[in-house]
1. Given Cβ point charges of +1 (Lys, Arg) and -1 (Asp, Glu) and nothing else, what value in debye, to the nearest 20, does the dipole of the protein assembly as shown about its Cα centre take?
2. Lys pairs in region B:320-492, Cα-Cα under 27 Å, at least 8 apart or on separate chains: how many?
3. Given charges of +1 on the Cβ of Lys and Arg and -1 on the Cβ of Asp and Glu, with all other atoms neutral, how large is the dipole of region B:312-429 about its Cα centre, in debye to the nearest 20?
4. Taking neighbour counts of Cβ atoms within 10 Å as a proxy for exposure, in what order, fewest first, do B:Glu483, C:Glu265 appear?
5. Could you name the aspartates and glutamates whose alpha carbon sits less than 13 Å from that of B:Lys104, not counting residues in the same chain fewer than 8 places away?
6. For a 19 Å ceiling on Cα separation, which of these pairs sit above it: B:Lys244/C:Lys3; C:Lys182/C:Lys268; A:Lys137/C:Lys275; C:Lys3/C:Lys56; A:Lys171/C:Lys276; A:Lys58/A:Lys166?
7. What is the angle, in °, between the Cα long axis of helix A:184-200 and the longest principal axis of the Cα atoms in chain A? Nearest 10 is fine, range 0 to 90.
8. Rounded to the nearest Å, what's the spacing between the alpha carbon centres of region B:162-212 and region C:191-218? Just the number, please.
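Values quoted throughout were computed directly from the atomic coordinates according to the rules given, and no laboratory measurement underlies them. Keep in mind it's a predicted model, so treat the numbers as computed, not measured. FYI the Cβ positions are ideal-geometry reconstructions off the backbone, even for glycines, and counts take in every protein chain you see.
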Amino acid sequence: MFHWLEKRPFFFAVAVFVTIAFAGLIEILPNFAQASRPTIGTAPYSTLELAGRHVYIKNSCNACHSQLIRPFKAETDRYGHYSLSGEYAYDRPFLWGSKRTGPDLMRVGNYRTTDWHENHMWDPAGVVPGSIMPAYKWTFTNIADVDTAYAEQITIKNAFNVPYNKPIPMKDGSTTTVALADSLSGAHASALEEAKVVAADMKNQNVKDAVANGQIPEIVALIAYMNSLK
Amino acid sequence: MENRPLEYDYTVAKMFMFSTIILGIVGMLVGVILAFQLAFPGLNLMLGEGLAEYTAFGRLRPLHTDAVIFGFTLSGIFATWYYVGQRVLKVSMAESGFLMFIGKLHFWLYLVGVAAVVVSLLLGITTSKEYAEFEWPIDIAIVIVWVLWGLGIFGLIGIRREQSLYISIWYYIATFLGVAMLYVFNNMEIPTYFASGGIGAWYHSVSMYSGTNDALVQWWYGHNAVAFVFTVPIVAMIYYFLPKESGQAVYSYKLSLLSFWGLMFVYLWAGGHHLLFSTVPDWLQTMGSVFSIVLILPSWGSAINMLLTMKGEWQQVASSPLIKFMILASTFYMFSTLEGPIQAIKSVNALAHFTDWIVGHVHDGVLGWVGFMIMASLFHMAPRVFKREIYSKSLMTTQFWIQTLGVVLYFTSMWIAGITQGMMWRAHDEFGNLAYSFIDTVTVLHPYYTIRAVGGLLYLVGFFMFAYNIYKTMSARRIEENELQTASPMAA
Amino acid sequence: MNKLTIWGIVITIAMLGFTWMAVGGSKGGMGADIVNQLAVAGAVVLVIVTVFVVIKYVRQMQNDTASGQLADENWDGIGEYTNELPFGWAVTFLLSMIWGMWYFMIGYPVNAYSQIGEYNEAVQAHDARFSAQYADITGDRLIAMGESVFLAECKVCHGLQADGIDGKAADLNVRLEEKTVKHVVLNGSGSLGYAAPMPDRNGLFNMNTNNLITDAEIATVSKYVANGMKGDGADTFAGTCAACHGADGKGMAFVAPNVAEYTPELVKLVLDHGKKGAIGVMPAFDRLNDKQKEAAGAYISSLSK
Ligand code: HEM
Ligand code: HEM
Ligand SMILES: [Ca+2]
Ligand SMILES: [Ca+2]
Ligand SMILES: [Cu+2]
């Protein structure tokens, strides 16, 4: 039979394809619908947070940082509760990473704060002696891309029914809503409101001035994103 | 007419040989820079504060992985295909103007794609998925390049004179099909500019899958990208170049057959080992572990088949650096396909995952197996495509030992670094508290990071020797016109 | 013994010895942790199996000769033998498939493994062991435990010396810095969970002057508190602050914290609630247990003594 195939490239290719294709179906499909259901307390990203997430991706922070807490005592002691599938329901793409050159950041919003991030992103080794993380000074001057974040929000709301402007159940029984502006200028305005809250806790005068002038440096968006990781 | 040997046309093969070498240098140079950055973080600023954004570790890392995978390795695969394909199918590219045109188009479009990748990654335009960082416009270019290659493969097969397909061809076909399937599904993404009616960056897209599902699709891709780029086509190479260079017949057809179909069947099920202890279901993780163990056998099957092909030929191994490269490549192949399954055992992965031990595993595979095989293949091809003898055998021998030392330093240091760090992360002290803060587990790695960087540098130096040797070969003494059969001619 | 085998043994011993030295001497240590032991065992198996299997084939290269029936086909001069499968390989492949099927169909389901279940057991075992031990940890041992918490969790912000790294976080070697006190007096404070918050300057009445506290008084009293309740400003403190913080500044339970020295109670409140002040924001630490917080408190209180 194999000799037969080896003389017939078409059937050979079909046989190879069938052999390699069906494993994927069996592994990916069965759990597909269930895995995308959010847990209670998981909300979609706001415009500023999403812009910050894009800064995170742009600089490949995921090359050194994971966002996946495995169920081991040592790991939950260090980072907090182990990860649940539904907590990632709004993560497109997922950012689990595969290498921990630096620590996990899945819940970093619980135990690091705005001013600490500000110092750390400016000069990691100045805060943590021996750190090998690069400094990210340019994020203090580059302006965050709110437009693209807003475009992505519209896209996922339309394509995947991400519940913007809808009540989202929280763990304590209350609900919250994540607003999605109905125009680009509205998105800029609401992102700026969020940015002001972050900038208020920061010390870098250029950043504060920029926000006061209606601009959002990347670092502000990035910190808003990291603070949202809980 | 009948008795004249075929004139094979190596134009396209030559083009891809050049890109293999150039992109190999780029990719490995960046790898060495990354390695030194982890040991000496000041190097993140190597071009000054002003360019720091483009020289920081995070920006450069995807450039390294994509340059060596989609640049160096793919070029090597294409170069050997355009060489081996003609010969084992007994048909020349020169016989079809159409295939020749497709082949050249394949090369030039590929180069355009590579240029776009380099620029976009330096600018930070990435989707973050490992080995699938490219945004949708580049995805489209890649699909076109791939289709062109497919046309070339099946076109050549269509006009072949050799009825039945040689083992290497099986593996090239599988490479083509496997990557096509995986790449398309993992890159399902919606361009946000168009979906939002023209807002934001035109090249930006958002993944069709979210969270756990995205991870599942990504590692189904990521694992099998390793299969179909770092394993399957490299096996295609060794099945041609080792018997050819040594003049020995392949040890066992049955073993080739079982290894091939075994590999095809088993590989795809093992992707779960990248997601152990994550939020994907337990059964899926277990399946990944179990199939990883079974995978040892079809992997080792090919390696053993090659080692047995050299039965009784020790004098060749001893005297030919080219054969040394290939024998050591199979050895490293065995090493990494045993190491992988060991790391896929859940309890071992609990320690190894996220650490440098994985990086060590990656590089004993890619440096010792992929890199060695591609260089050996090009060494074998050079005298035949340029009709010259290899410039220097002693340079080649020196290169072999330098690079072997480089690989050994690389993986031993990373293995120790990984196990050390993994243990420190897990350690509790006498009070039940974490014994180390994260930074303590970073600073201990400094010596190992330095050793790795030196090992990588040695490998790069060896690669430069290889490039120089090939370059000088092009201008070396011409050899007789008649078809070279086995051992490649080398000057001292 | 064959030269090759000796080489194999030498290489194996060298690699394993090197690993053992590095890992054994590393700070992690194997301990009773099955994961650590299995990982190292895996590394050992990896080296031994690869080295000796390769040696087996190298010896065949040296001593054996190629043999067998050549197949009819031939590609570009490459022939192919019709040799049978190597016996060991074939048997192992078969066994591995049987094992795989058995494991996935029977071994795994019957074992009913769940990673979360395993985690819960590990946590229970850990807690059982240490909660029994915690009762005995007091005095200097408690301070040592607190130092261990501090080094793992707090030093990234407060620095190895607990000096706050040039004002980036609170300097824990002194109870309060002047700017911190001043900030609290000007703006009030209320995150630590006391029954009533500390008012801002518009709620701080100086009973000596029968007036709201003045800028000058704020300046002196801040210096006074930061100086360890010494120097000028004692009268303002007595008139304004003592009502809540006590005459000696040592605080009153449920009313206001001790501003004269660190106490474990205060540190616990800070760790429970977090704190925002002149320097920045201190996060709450939900993931520490009560004993760890108590220990951290004992350690920090010991620093400024
Ligand atoms: C039997 C064959 C193999 C098995 C079962 C296997 C298994 C594994 C495992 C368990 C991991 C670690 C996943 C993690 O914890 O992050 C891994 C990672 C990796 N392996 Fe293998 N491996 C095999 C062969 C190879 C070979 C031959 C190569 C290359 C030549 C290779 C390249 C890689 C790469 C690049 C990664 C890193 C993926 C990432 O980015 O995380 N593997 N492999
Ligand atoms: C000159 C030699 C090389 C050096 C010094 C080097 C160095 C590095 C470094 C430092 C990293 C990042 C590891 C980390 O994040 O901790 C890396 C990752 C990687 N390299 Fe290399 N590299 C070299 C050659 C190659 C070659 C030739 C290939 C492939 C053919 C390759 C494939 C990869 C892959 C797939 C990864 C990602 C591994 C992962 O995510 O687990 N490297 N390399
Ligand atoms: Ca990786
Ligand atoms: Ca893509
Ligand atoms: Cu894999």
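1. About 1780 debye.
2. Final tally of qualifying lysine pairs is 5.
3. My answer is approximately 420 debye.
4. In order of increasing Cβ crowding within 10 Å: B:Glu483, C:Glu265.
5. Cross-link targets: B:Asp9.
6. Listed pairs above 19 Å: B:Lys244/C:Lys3; C:Lys182/C:Lys268; A:Lys137/C:Lys275; A:Lys171/C:Lys276; A:Lys58/A:Lys166.
7. The angle comes out near 60 degrees.
8. 66
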